[in-house]
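I have placed the structure first, in the form of structure tokens, so that the comments after it can refer back to it.
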Amino acid sequence: MSEEKNPKIKVLVVDDTSLYRKILSELLASFPGVEVVGTANNGKIALAKLDRLKPDILTLDFEMPEMDGLATLRALKKEAPGVAAIMVSNHTQIGAKATLEALDLGAFDFIAKPNHDSLEKNIESLRSQLRPMILNFRNKRHIAEMLRGQGKPAVAAPSQDIVLRMAQLLDGGRLEIVAIGISTGGPNALAAVLPFLPKDLGVPLVIVQHMPPVFTAALAESLDKKCNISVSEGKNGEVLEINRAYLAPGGKHMRLELHPESRKPCLIMTDDPPENHCRPSVDYLFRSVAKIYEGRALGIIMTGMGSDGTLGLKAMKSAGAKTLAQDEGSCVVFGMPLEAIKAGSVDTVLPLDQIASEIVRLVKKCR
């Protein structure tokens, strides 16, 4: 394939630390099909270089002199809305909150600055975070080109008629819990679903969002302010309550067990080994939902990279649960939903803007 048909992804690295500018530039330049077209030590300089360098992506540090990352992102969305931004965040409460604000503003994704005990480990951590994002950006650009008339996406959303007929087939027994698995693009997707659930929904929700420690607590706090239901980071031993959403803590697995005294479902956090390179893992949570709730659950797999959740959703479906997946058109990354669909784990595929109403419909219909 010629370079004209498959143009390089042009990246502008923006960071006030010379070491990080060097590390990120060298890492990105090592990826096939990526060209680092320049660097800048603050947002003001970066914006001034846009017309000349014409980057596809900016990596944006948050803490910079003259013009910080958030201010730069706001200006970028006005001056060059087609340029994507990957935010570079710190593993701190402040960094987590700023990251969520950036995602709300339309940032493409984020990486967390590692704090390992060696430079080599830090570089490898950055590499493992950046590589899938660049691949994802390339895939999204390819899909956009196909939608402009060069072809068709491999998996299309089902027609509304199919959605309605499949939904009718799903109507059945009582629903007592909603379980959601989500990854890349998750914060914005959850913000497009959870705030539209009524305060008297009548069931709890348990959610695995792939995120580092600290970030999940900030995400829960952010969502709680937007929602009618309560949203919090789950705590070990916490008994589930209706009209509440529980987010698995970053760095911990979350599963359900029956409380030894009350025999009510409660949350258990563990340090068990990662599954699908993830902790928390969607599969880990979904298996326990299948066991505790059998056919009284709704499982939902949403935007994300990889296949985490496929086997867990299949276990839920085998136990009689209803299952949904987010469609390709509304996903940031159509990885986890696609794998679940291919495995036969999904009953219904819906666009993001219909998921909240479908949750309400199914919960109310089955009560």
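Computed from the coordinates by the stated procedures, all read-outs in this text should not be read as laboratory data. Just so we're clear, the structure is a prediction, and the values are computed from it rather than from any experiment. FYI the Cβ positions are ideal-geometry reconstructions off the backbone, even for glycines, and counts take in every protein chain you see.
Please state, as a whole number in µm²/s, the translational diffusion coefficient that the Stokes-Einstein equation yields for the stretch 9-150 at 10 °C and 1.306 mPa s, with Rh defined as the Kirkwood radius across alpha carbon pairs.
Rounded, D is 104 µm²/s.
Peptides 180-186, 58-64: what's the order by average Cβ count within 10 Å, highest mean first?
Listed from highest to lowest mean packing, they are 180-186, 58-64.
In terms of the Cα gyration tensor, with a ≥ b ≥ c the square roots of its eigenvalues, is the stretch 186-345 rounded because a/c is under 1.5, prolate because a/b exceeds b/c, or oblate?
Rounded, since a/c falls under 1.5.
With charges only on Cβ, +1 for K and R and -1 for D and E, what is the dipole size of the stretch 234-367 about its Cα centre, in debye, rounded to 20?
540 debye
Grab the DSSP H runs of the chain that are 4 residues or longer, score each as -39,500 (n - 2.57), total them, divide by all residues and round the 222 nm result to the nearest 500 deg cm²/dmol.
The helix-only estimate for the chain comes to -12000 deg cm²/dmol at 222 nm.
Which of the listed residues, V333, A319, P65, is farthest toward the dipole's positive end in the chain, when Lys, Arg count +1 and Asp, Glu count -1 at the beta-carbon?
Checking the options against the dipole of the chain, the answer is A319.
Give me the aspartates and glutamates in straight-line cross-link reach of K314: C-alpha distance below 13 Å, same-chain residues under 8 apart excluded.
Output for K314: D283, E294, E339, D347.
Using Cα pairs under 8 angstrom and six or more residues apart, how large is the relative contact order of the stretch 9-150, in percent?
Dividing the mean separation by the residue count of the stretch 9-150 yields 19 percent.
Between the stretch 61-106 and the stretch 237-263, what is the C-alpha centre distance in whole Å?
33 Å
What is the fewest-to-most order of L223, L19 by other Cβ atoms lying within 10 Å of their Cβ?
L19, L223
Given the chain reduced to its alpha-carbon atoms as identical point scatterers, what log10 I(q)/I(0) does the Debye formula return at q = 0.07, 0.12 Å⁻¹?
-0.32, -0.90
Beyond a 32 Å Cα-Cα separation, which of these cross-linked pairs lie in this structure: K77/K365; K77/K342; K291/K364; K235/K291; K226/K364; K10/K97?
Too far apart for the 32 Å limit: K77/K365; K77/K342.
Over the stretch 160-365, what is the relative contact order in whole percent, taking alpha-carbon pairs under 8 Å and six or more residues apart?
23 percent
Counting DSSP beta bridges in the chain, what percent are antiparallel, to the nearest 5?
Close to 15 percent.
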